[in-house]
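Participant: I have a structure I would like to understand better, so I am pasting it below and will then ask my questions one at a time.
Just so it is clear, none of the values below were taken in a lab; they were calculated from the coordinates. What you are looking at is a predicted structure, and each value in this text was computed from that prediction instead of being measured. In this analysis, Cβ positions are derived from the backbone assuming ideal geometry, glycine residues included, and neighbour counts consider all displayed protein chains.
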């Protein structure tokens, strides 16, 4: 092997080394031993790579290259490794020689192999860190783990040849007592059931209190109409009602078409084409129009209420309002409930018209029932009570949607993610309750024979 | 102590900005801005609101690209990186976001262990132990590990996200307002933590802060941003003697004078 001057770089054209070669190099050039990084390999890549990166293969050519000042100072921060040399442990006559990058990335392959390191019956072992290139806290932890195991086997260990900054890091971690691992609390099934039932009951209780508070606020508003914020109400009517016209109109129109289309085949079979007016009229006016309108409102307005109030809760606007002596219920909740109670019935009427128009269109196209005929029959078939029942449901749905939306908004706590969760919840709960209420209406009406 | 961590590389530049310009529509945030951050120094960016501190920070951590100019971090030009190289670089960088940036769906321990779980093949127990230690390093109780971010107070949140930024033992740490919203005792803890990290691990720290105590006690060099440029760079003592109006503005006022007076007391 050629003589290598102290501080010189080694250039390997074929960048293949094995650990034996590198050990040999260390022994052959004790001169180099004193310097920190005597061997650098330039394998044609732009950046120099240390020799120990190439453990596992044979070194075929070494030539000398003068130390170049232009090379960047290759000592990186302690935790970084210029090479990708993984951490390794090799036996020494009197202990263990550690090498490579003892960092989070370099140590992974070694992690489980440490258990295999044998003591060979020695009483004392020196842990040589001369050739450790980089060390970070992960490396120190793994080292501690190794030392602890050796100590458990009755071996006295000493550290040797570690860079001062590495020693400092080792001391730092050794001095700090290992913090106890506190496991995440495990809950038993029964406890989980109990907790979720408790949470559901608590939510129900809170909802009832909220309904009560809103009712009181509404009563106070009726007693002192001057306190009601009409401007806010009108604004809400605009956003929940007028702005919803296109979507409500389109969907109920399509629904009317679907109902007429589905009925058309059956009716034609019995030659009862004209009864399409009964079918569309009754189903739209009584059930579909109020329901579809309420569901759209829950998705559009209920979620908006929850998101608005939720955001205001997170940004402490609600708290600010309270400290300024403004009741959030008066400002935020009542106008929304009143506005939706006005807007939803009106939207339902609009949905009735659009739905029937859709049915009419389909009746003419599929069954040959003309518009005049259809309307003639429609007037006879559909009682005003049917229409009023449909419209009458709307304010109830409106209360459900507005109350649930606002309630979920006020239930927001913590951060922005909670706003999203409460908004989703408001839509799901409102839709669910609207359909439950509709079912209850059907039962009540059938008992009352309406 | 300080010297050993910095031997021979006092002047090695780890972040180098040249001719950086950034615009939001019509508004010019940076105009031909140059800046150097050296290894193992604690570097602070200060400036009024809207002076582009956060934008500059985002440009250093690959979250945003400048409209013109080059940004070199740890010797690599950010403009020329492919996705793999970006990942490699990001593993060497830790970031403490202003509002923590902890994942709400994970508890504190999982948050800290996440980078290790994603990028290394260490076993779970070791990761949990390292996470617990990092947590202790930032001064949080071990019991905090099992809590979720929504259950933490502001100061705890900051410390926990500090611990996550340190998970991979980065070489370069970016701190966005590390003491904002902390009580004085916690803020002093951050002072010590930052100094300790630099001295022990040789970390380079770049921070945005308005905390004059932090600036006086901890920062090695401070860059004052204003009018799209770096108005002045230097130690706080040097800047205090500057006569540039935008730098003066920063030191004027009772708070600036109080912090300065306190600094004078502690040094003499």
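Participant: In which sequence would B:210, A:413 go, from the one with the fewest C-beta neighbours within 10 Å to the one with the most?
Facilitator: A:413, B:210
Participant: Okay, moving on. Calculate how steeply helix B:184-201 sits against the longest principal axis of the alpha-carbon atoms of chain B, using the helix alpha-carbon long axis, and give the answer as 0 to 90 degrees to the nearest 10.
Facilitator: 80
Participant: Another question, if that's okay. Using 1/(1 + (r/R0)^6) with R0 = 35 angstrom and r between the beta carbons of residue B:70 and residue A:90, what's the FRET efficiency to the nearest 0.05?
Facilitator: So the FRET efficiency works out to roughly 0.20.
Participant: Note the full-extension length gain between residue B:106 and residue B:188 as 0.36 nm times their separation in residues minus their Cα-Cα distance, in nm to one decimal.
Facilitator: Residue separation times 0.36 nm, minus the Cα-Cα distance, leaves 26.7 nm.
Participant: Can I ask one more? I need B:49, B:235, A:301 ordered by Cβ neighbour count within 10 Å, fewest first.
Facilitator: Fewest to most other Cβ atoms nearby, the residues stand as B:49, B:235, A:301.
Participant: If you don't mind, there's one more thing I want to ask. With everything on Cα atoms, drop me the angle between helix B:154-165 and the longest principal axis of chain B, reported from 0 to 90° to the nearest 10.
Facilitator: For B:154-165 against chain B, the angle is about 80 degrees.
Participant: Between residue A:148 and residue A:383, what is the spin-label point distance in nm, taking each point 7 Å from the Cα along the Cα→C-beta axis?
Facilitator: Modelled inter-label distance: 8.2 nm.
Participant: For the stretch A:201-448, count all C-alpha to C-alpha pairs, find those more than 30 Å apart, and express that count as a whole percent of the total. The partial results should precede the final answer.
Facilitator: On the way: 10535 of 30628 pairs.
More than 30 Å apart: 34 percent of the Cα pairs in the stretch A:201-448.
Participant: Continuing with this model, one more query. What distance in nm separates the two pseudo spin-label positions at residue A:157 and residue A:222, each 7 Å out from Cα along the beta-carbon direction?
Facilitator: 8.0
Participant: Here is a further query. With everything on Cα atoms, drop me the angle between helix B:124-137 and the longest principal axis of chain B, reported from 0 to 90° to the nearest 10.
Facilitator: Relative to chain B, helix B:124-137 is tipped by roughly 40 degrees.
Participant: Could you tell me what % of all Cα pairs in chain B have separations over 24 Å?
Facilitator: Everything past 24 Å amounts to 50 percent.
Participant: Based only on other Cβ atoms within 10 Å, what is the fewest-to-most ordering of A:441, B:250?
Facilitator: Lowest to highest Cβ neighbour count: A:441, B:250.
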